[in-house]
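Novice: Dropping the structure in here first, questions after.
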Amino acid sequence: MRQRLSSEPDRYRGRRRVPTPPRSRYAAVVTTAFVGAGIVALGANAFPDAKSVSPSVLDELRQASITSQDAAARADTAERASRDSRADLKAAAEQEVWRLPLAGYDFQYPYGMLWGKLHTGVDLVAPEGTPYVAIHDGTVTKAGWFGGYGYAVIVQHADGSEAIYGHSSSVTVKEGQQVKAGDQLGLVGNTGHAYGSHLHLEVHVNGQPLDPVPWLKDRGVDIQLQIEAIYSEVAAS
């Protein structure tokens with residue numbers, strides 16, 4: 001072997017021999033390549049061509065898809081129907097709300113004969129200017145001067161019955177206006193054929209007046225119970 005003289009240029013200085021990878025690495029690379037190719041080939045063969053599938057199988061798949069879509073549509077329809085039903089029940093419950101026209105009053109004259117003639121309503125005494133409200137939902141058919149009733153409001157309910165609120169000092173609604181139970185209609189007064197500040201309340205069914213006390217009681221509003229509560233508060237004070 002020839003020895004390199006110290007005077008010869010160092011031709012190999014700074015160079016390094018690239019190590020030869022072990023055979024095991026080549027084997028791993030080759031094996032991975034073959035396995036990957038096999039998976040691709042298997043994936044391509046895993047899904048058969050639609051032409052090779054039996055027509056009956058395709059028909060079953062189509063029927064299953066249609067059935068699934070129909071079930072989803074029926075579920076959506078049922079959900080909408082359920083929401084509509086809940087909304088209808090809520091609206092019906094709201095329509096069934098009845099209430100007293102005043103929070104506090106003195107029940108003075110009932111329905112019946114008074115001074116030789118029929119008193120067609122009840123008189124609820126309260127200070128002039130006290131707000132009164134609708135006993136039920138309805139449409140205002142009269143709002144203004146109404147002969148012996150003075151300034152009055154008439155509200156027609158969905159069942160055809162009417163409530164007349166008479167002797168107001170002023171009214172706060174207009175004809176044609178839709179009102180809900182509890183909406184303010186006017187202020188207690190002493191107008192028309194009146195003897196003092198009070199609210200005259202009438203209820204008409206089929207155009208005929210009837211006693212508001214039992215009629216309202218059938219709808220969950222007890223005027224006499226309200227009076228007893230007021231008297232109890234006064235007695236306790």
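The values are calculated or read from the model by the stated rules, or taken from the named source; none is laboratory data. Remember, it's a predicted structure, so these values are computed and weren't measured experimentally. Note that we place each Cβ from the backbone using ideal geometry, even for glycine, and neighbour counts take in every protein chain shown.
Novice: Val188 passes all but one of (1) of a type outside the set (S, T, N, Q); (2) touching a Leu at 6+ places or on another chain (Cβ under 7 Å); (3) modelled with pLDDT under 95; which number fails?
Specialist: The one condition Val188 does not meet is (3).
Novice: Okay, next question. So if I check each of Pro131, Pro127, which one is assigned by TED's automatic domain parsing to the domain that holds Val221 and either charged (D, E, K, R) or over 24 Å from Arg219 (Cα atoms) (or both)? First the steps, then the outcome.
Specialist: On the way: Pro131 fails: either charged (D, E, K, R) or over 24 Å from Arg219 (Cα atoms) (or both).
Exactly one residue qualifies, and that residue is Pro127.
Novice: Still on this structure, please answer the following. Return the residues of segment 117-141 that are more than 28 Å from the chain's Cα centre (by Cα), assigned to a strand (DSSP E or B) and surrounded by fewer than 20 Cβ atoms within 10 Å (Cβ to Cβ); say none if nothing qualifies.
Specialist: The answer is Lys117, Leu118, His119, Val125, Pro131, Thr141.
A quick yes/no check of all residues on (1) outside any strand (DSSP E or B); (2) touching a Cys at 6+ places or on another chain (Cβ under 6 Å); (3) modelled with pLDDT under 95:
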site	(1), (2), (3)
Gly176	yes, no, no
Glu202	no, no, no
Gln226	yes, no, yes
Val234	yes, no, yes
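Novice: Next up: Can Gly186 be described as under 24 Å from Asp211 (Cβ atoms) and either of a type in the set (S, T, N, Q) or touching a residue at least 24 places away in the same chain (Cβ under 8 Å) (or both)? Steps first, please.
Specialist: Working: under 24 Å from Asp211 (Cβ atoms): yes; either of a type in the set (S, T, N, Q) or touching a residue at least 24 places away in the same chain (Cβ under 8 Å) (or both): yes.
It is true that Gly186 is under 24 Å from Asp211 (Cβ atoms) and either of a type in the set (S, T, N, Q) or touching a residue at least 24 places away in the same chain (Cβ under 8 Å) (or both).
Novice: Kindly provide the set of residues from segment 147-165 that are in a loop (DSSP other than H, G, I, E, B) and surrounded by 16 or more Cβ atoms within 10 Å (Cβ to Cβ), ordered by number. First the steps, then the outcome.
Specialist: Taking segment 147-165 as the starting set, the residues that turn out to be in a loop (DSSP other than H, G, I, E, B) are 150, 157-161.
Of everything in segment 147-165, those that are in a loop (DSSP other than H, G, I, E, B) and surrounded by 16 or more Cβ atoms within 10 Å (Cβ to Cβ) turn out to be Gly150, His157, Ser161.
Novice: I need the full set of residues from segment 166-179 which are surrounded by 14 or more Cβ atoms within 10 Å (Cβ to Cβ) and at negative phi, in order please. Reasoning before the result, please.
Specialist: Here is the first cut: in segment 166-179, the residues surrounded by 14 or more Cβ atoms within 10 Å (Cβ to Cβ) are 166-169, 171-173, 177, 179.
Those that are surrounded by 14 or more Cβ atoms within 10 Å (Cβ to Cβ) and at negative phi: Gly166, Ser168, Ser169, Val171, Thr172, Val173, Gln177, Val179.
Novice: Moving on to the next point. For segment 178-200, what are the residues that are part of a strand (DSSP E or B) and among the β-branched types (Val, Ile, Thr)?
Specialist: Within segment 178-200, the first condition is being part of a strand (DSSP E or B), and the residues that meet it are 178-179, 184-189, 198-200.
Val179, Val188 - these are the residues of segment 178-200 that are part of a strand (DSSP E or B) and among the β-branched types (Val, Ile, Thr).
Novice: Which of the numbered conditions does Gly144 fail, given that it passes all the others? Conditions: (1) within 15 Å of Pro101 (Cβ to Cβ); (2) in a strand (DSSP E or B).
Specialist: With (1) within 15 Å of Pro101 (Cβ to Cβ); (2) in a strand (DSSP E or B) applied to Gly144, the lone miss is (1).
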